[in-house]
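Trainee: Please read through the structure below; I'll follow up with questions.
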Amino acid sequence: MIKWLRRQKRLMQKYYYERYYFLAKVFPPKVPRRPLSFLPDGFAVNSVANSGVRVIDNFCSVAGSSYLISRACEVAGDGALSAMVFNATHQDPVLMPLLYRVSMLTGIPLNHAGSIEVGLVPDKLKDCPVGKQQPRNSAKPCYGLHVFLTDEGELQFPGLDIGIAAANGRAVLWPIKASIGAETPQPVAVYSSTGSDNFWVARITLYAAKMFEPDTIVELVPQTQKGVALGASDVLPVGTHYLRDTTNENEVVR
């Protein structure tokens, strides 16, 4: 009898520990889960004390930063300081993973994101406020995201008396509705004392309502894609090595 009671106790404990797993089947999450493969290498989230501001290193890869800059130059043309590289009417599927990451960080569906604006902050604008995107409806902004696309510049929060230095691919996320005392923290992009006279940034604002309907969501999950043979020029991650000489064309790497 005692053994049976102990067995029942362990079973109930097991069900209790797995309660959220079963509840998720009955009440599906509003924000769909995304595979971790959408996160680039080195992705790390750091909170700035209790301010609500979060600094995300490697939010965007170096290749992604280059693509954003080249795309902005292509869309804006010569002489323009900024361009919308993603919006409701012109959706770039290559940039969709950026919205996946914002959704994963905030718990807000990706279709609540406004346009992705990429701009060049010139030297003549010593204090350049991070632009607020104007939504098509009266949706209330919830979060702001600022992504550095170069290693120059700085993002400051005067109300919090803090500054965040630039790093290629580093993002800063903050709740727009949060307030410190009587002042709402409004970020201001300014130049750092070193680096280039110009720097590139990308900006995204998340709203409380749906802002667009995705044309297509291509789930490019590397774990589900068919593998290809490795070549001698392939770079392997730390802890991975070739078992035999890679000059053999019939080499099989496990």
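Read-outs throughout are calculated quantities, based only on the coordinates presented, and are distinct from any laboratory measurement. Since the model is a prediction, treat every value here as computed from it, not as a measurement. Counting neighbours? That spans all protein chains shown, and the Cβs are built from the backbone with ideal geometry, glycine included.
Trainee: Is any residue of region 155-178 close enough, with backbone N under 19 Å, to a label point placed 7 angstrom from the Cα of residue 208 along the Cα-Cβ axis, and if so, which?
Mentor: It comes to 174-178, nothing else.
Trainee: Stretched out fully, how many nm does the piece from residue 111 to residue 37 gain, at 0.36 nm a residue minus the Cα gap? Before the final figure, lay out each step's value.
Mentor: Numbers: separation 74, 0.36 × 74 = 26.64 nm, distance 1.99 nm.
The residue 111-residue 37 span can extend by a further 24.7 nm.
Trainee: Can you work out the FRET efficiency for the pair residue 233 and residue 70, with r the C-beta to C-beta distance and R0 = 25 Å, to the nearest 0.05?
Mentor: Values: r = 25 Å, r/R0 = 1.00.
Taking R0 as 25 Å, the efficiency between residue 233 and residue 70 is 0.50.
Trainee: If packing is taken as the average count of other Cβ atoms within 10 Å, what order do 2-9, 90-97 fall into, highest mean first?
Mentor: 90-97, 2-9
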